[in-house]
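Remarks on the structure that follows.
The values are calculated or read from the model by the stated rules, or taken from the named source; none is laboratory data. What you are looking at is a predicted structure, and each value in this text was computed from that prediction instead of being measured. Cβ placement follows ideal geometry from the backbone for every residue including glycine, while neighbour counts extend to all protein chains displayed. Each accessible area value is taken on the protein alone, full model and side chains, heavy atoms only, with ligands, DNA and RNA left out. Shrake-Rupley method; radii C 1.70, N 1.55, O 1.52, S 1.80 Å.
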Amino acid sequence: MAQLCKRSGTTGNSFSSPRSTWKRVFSFQGGILMDHKLLFAKVLHEQGELPFDIQTIKQLIETPKRIEMGDFAFPCFALAKHLRKSPAIIAQELQAKITDPIFDHLEAVGPYLNLFLNQEKVSQHIFKQIMEQGSDYGRNQNGKGGTVTIDLSAPNIAKPFSMGHLRSTVIGNAIANLADKNGYQPFRINYIGDWGTQFGKLIVAYRKWGNAESIQQNPITELLKLYIRFHEEAENNPRLEEEGRKAFKALEDGEPEAIQLWKQFRDESLKEFSRIYDLLGVHFDSFQGESFYNDKMDEVVEILQEKGLLVESQQAQVVKLDEEEMPPCLIRKSDGATLYATRDLASALYRKRTYHFVRSLYVVGNEQSLHFKQLKAVLKKAAYAWADEMEHISFGMMLKNGKKMSTRKGRIILLEEVLQEAIERTETIINEKNPNLSDKAQVAKQVGPGAVIFHDLKHHRTNDVEFSFEHMLNFDGETGPYLQYAYARCKSLLRKANFTPSSQVNGVTDEQAWPIVRLISDFPNVIRTAWNNYDPSKIARFALDLARSLNQFYAHVHILSDPDHQQERLHLIYSTAITLKESLRLLGLKAPEEM
RNA sequence: GUCCCAGUAGCUCAGCAGGAUAGAGCAACAGCCUUCUAAGCUGUCGGUCGAGGGUUCGAAUCCUUCCUGGGACGCCA
């Protein structure tokens, strides 16, 4: 039960307390709060003599909505039938029966038995734990070091990095961070969209209207112009489409001039992308995009053929998925060319062989959910059991005026422009509020993009988000800067007090401190839940709650002017700072020391 | 037409392995800087949880029908 924090080398045993019960019950696995919940369930089972086993009782225990109602509540409705008494009476009887020195007290309120923890003890325990574990606080080893490949970002070459790609990038990155925190080894793959008919179109457009100089200077913008113009002109001139397909065929056949152009477009795009990834603070372990699989697709087709899955249908090669109640998966076009699904099959095989993943995640918009269902189904039909390890982490679209953004129609917002705007806005605010700050430019680069990232991650990923400058660049309330500000406040206090943590510290008893302690105690649990649901917004919400509680404490309790309580309060600030910073890191935000 | 997702305060969203008076933020209004960073804090205003049925001691949460919005549904990715 104990011995779960291998990484930091700490276990429940390192905690010394006058009461042996402390040692016995704390596993640290789910955090101290979860331990107390279990303990409460045990006590109810043993002292309360309930007709349920401990697990059942534990499941019944809930957290009251309001903190005045205690830390845990046991609703007695379910017992009413068994004991043939009213829930309220049962609650009262239980309250009288149970006496455990670890708890502060119990209250029977109507049909509920409410438990209040010993705030002093719990906070003291947390201080000590965080002092020992530092930024490893909340980490677990559930993943046992297994590799998780994560397919994220995947922008298209020669197209600008739009707001739409932001979602996959930041959600994927946060999930990768969560994987690591839960004991897995994340492997970030940027499956660049660097192949396909659009390159043929681009090559045609470049030859017709392109200008080498302007492309050199402003590659993506100019390429986008060409791309848009191509589609505009193609509406009146269908011959262009044909030319585009031809040009792509030439590219596939290795025509030197086409290849040279493709390489140029690709290189320029990657350069531009890396500038954006720097601003976002995201890095990748692999950039193997679609073109990487060009020579790996024959094998896929062969395998499907050998296993008798490939059938001809309307001149195309498909895998039928009738039993799965899905439309067939297209493998080869009638002209023999391969498709998106073919490439994803090839990449799935490659990734399994190369990385031996225990899980393979695809952070891709929910409009592709059918595609990924088909992908898994085809692999299962081909008897690859590991298809079950693949998961499509879908997310909602970034909308503009309630509609999908479209590259072709030029209805698109460039991420880099938004990031730059966010940085400029931050600089303005710094000059207004903290003009003496050193490193203004550096801080602005952390805060501005942080606001953009956080705005995305605070929403549950499956929801669509309407693009809005107003909301994204607002720095008040539930925002990235709000979190960073709370952290900077903590650090400022710790600096001023010249703080160093100590194991001899007492717990805190301030009324405003308890919500903070409770939140911090719950962090390990939040980390597991966020990972299990692939849900970074859980961390975002947690961080907001923590920052809000911190700000409330800060507003009500003056720390540096009260030497009697300064040590424990500073430990509270210190513990909050570490937990906040770690939350920000998991989300992919920086935590400036001052702002 | 079939399937998937969503509909909670003026706006953006939490809450949804059923539980105690439905929570935040923004916006609006009113307060709080001679003491730790006001990117903050405190208060006021604001909700038939899309609609109707059902299950239950109890439903925003589960089931069902309908309405509305979005998406997907073979040679794009």
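Across A:Leu310, A:Leu113, the residue with the most accessible area heads the list, and the full order at a 1.4 Å probe is A:Leu310, A:Leu113. Across region A:62-78, coupling constants 3J(HN,Hα) worked out from phi with the 6.51/-1.76/1.60 Karplus curve, θ = phi - 60°, read 10, 9, x, 5, 10, 5, 5, 8, x, 9, 9, 10, 10, x, 9, 4, 5 Hz, and Gly and Pro carry x. The apolar share of the surface of region A:415-587, taken as the fraction of accessible area on carbon and sulfur atoms (1.4 Å probe, ligands and nucleic acids excluded), comes to 43 percent.
Electrostatic tally near A:Trp386: other residues with Cβ closer than 14 Å to its Cβ, Lys and Arg +1, Asp and Glu -1, net +4.
Under conditions of 4 °C and 1.567 mPa s, chain A yields 48 µm² s⁻¹ as its translational diffusion coefficient, taking Rh as the Kirkwood radius over Cα pairs in the Stokes-Einstein equation. Would you work out if region A:415-587 is rounded, prolate or oblate? Take a ≥ b ≥ c from the square roots of the eigenvalues of the alpha-carbon gyration tensor; rounded if a/c is under 1.5, else prolate when a/b is larger than b/c, oblate otherwise. Cα axes put region A:415-587 in the oblate bin. Here region A:537-576 and region A:309-336 have alpha carbon centers that stand 60 Å from each other. At the residue level, A:Glu222 shows approximately 40 square angstrom of accessible surface with a 1.4 angstrom probe and all protein chains present. If you roll a 1.4 angstrom probe over the protein chains with everything in place, what fraction of the accessible area of region A:137-276 belongs to carbon and sulfur, to the nearest %? Carbon and sulfur together cover 44 percent of it.
Relative contact order for chain A: 16 percent, from Cα pairs under 8 Å spaced at least 6 residues apart, divided by residue count. Could you name the aspartates and glutamates in cross-link range of A:Lys380, using Cα to Cα under 18 Å and dropping any fewer than eight places away on the same chain? Within reach: A:Glu299, A:Glu302, A:Glu306, A:Asp322, A:Glu323, A:Glu324, A:Glu325, A:Asp344, A:Asp388, A:Glu389, A:Glu391.
Taking a straight line from the alpha carbon of A:Lys201, these lysines sit under 22 Å away, with near neighbours fewer than eight places off in the same chain left out: A:Lys159, A:Lys225, A:Lys246, A:Lys249, A:Lys263, A:Lys271, A:Lys333, A:Lys409. For A:Leu399, the amide hydrogen comes within under 5 Å of the amide hydrogens of A:Val465, A:Glu466, A:Phe467, counting only partners 5 or more places away or on other chains and with H modelled in the peptide plane. Averaged per residue, region A:284-331 has 57 square angstrom of accessible surface, using a 1.4 angstrom probe with ligands and nucleic acids left out. 3J(HN,Hα) couplings calculated from phi for region A:311-328 with the Karplus curve 6.51 cos²θ - 1.76 cosθ + 1.60 (θ = phi - 60°) are, in sequence order, 10, 8, 8, 6, 6, 10, 9, 9, 10, 6, 10, 4, 5, 7, 6, 10, x, x Hz; Gly and Pro show x.
The residues A:Thr500, A:Thr338, A:Thr579, A:Thr221, sorted by heavy-atom accessible surface at 1.4 Å with ligands and nucleic acids left out, run A:Thr500, A:Thr221, A:Thr338, A:Thr579 from largest to smallest. With R₀ fixed at 60 Å, the C-beta to C-beta distance from A:Ser503 to A:Asp322 puts the FRET efficiency at about 0.35. Across the alpha-carbon set of region A:526-595, the Rg to Rh ratio works out to 1.05, Rh being the Kirkwood radius. Compared with the dominant principal axis of the Cα atoms in chain A, helix A:31-46 is inclined by about 50°.
Expressed per residue, the C-alpha convex hull volume of region A:239-288 stands at 99 Å³.
Using Cα atoms only, what is the angle between the long axis of helix A:297-306 and the major principal axis of chain A, expressed in degrees (0 to 90) to the nearest 10? Roughly 80 degrees, rounded to the nearest 10.
Protein heavy-atom accessible surface, 1.4 Å probe, per residue over region A:415-587: 42 Å².
Straight-line cross-link partners of A:Lys97 among the aspartates and glutamates, defined as a Cα under 15 Å from its Cα and at least 8 positions apart when in the same chain: A:Glu46, A:Glu49, A:Glu107. Over every Cα atom in region A:44-141, the radius of gyration and the widest Cα-Cα span, Dmax, amount to 15.9, 50 Å. With Cα atoms defining each centre, region A:71-141 and region A:181-203 are spaced 49 Å apart in the structure. The candidates A:Arg188, A:Arg239, arranged from most to least accessible area with a 1.4 Å probe in the full protein assembly, appear as A:Arg239, A:Arg188. For A:Ser162, the residues whose modelled amide H falls within less than 5 Å of its own, excluding neighbours fewer than 5 places apart on the same chain, are A:Leu415.
For A:His460, the accessible area of its heavy atoms, probed at 1.4 Å with every protein chain present, is near 70 square angstrom. For A:Thr147, the residues 5 or more places off, or on other chains, whose built amide H falls under 5 Å of its own are A:Gln185, A:Val358.
Can you pull the accessible area of A:Tyr485 for me, 1.4 Å probe, Å² to the nearest 10? The accessible area of A:Tyr485 comes to roughly 100 Å².
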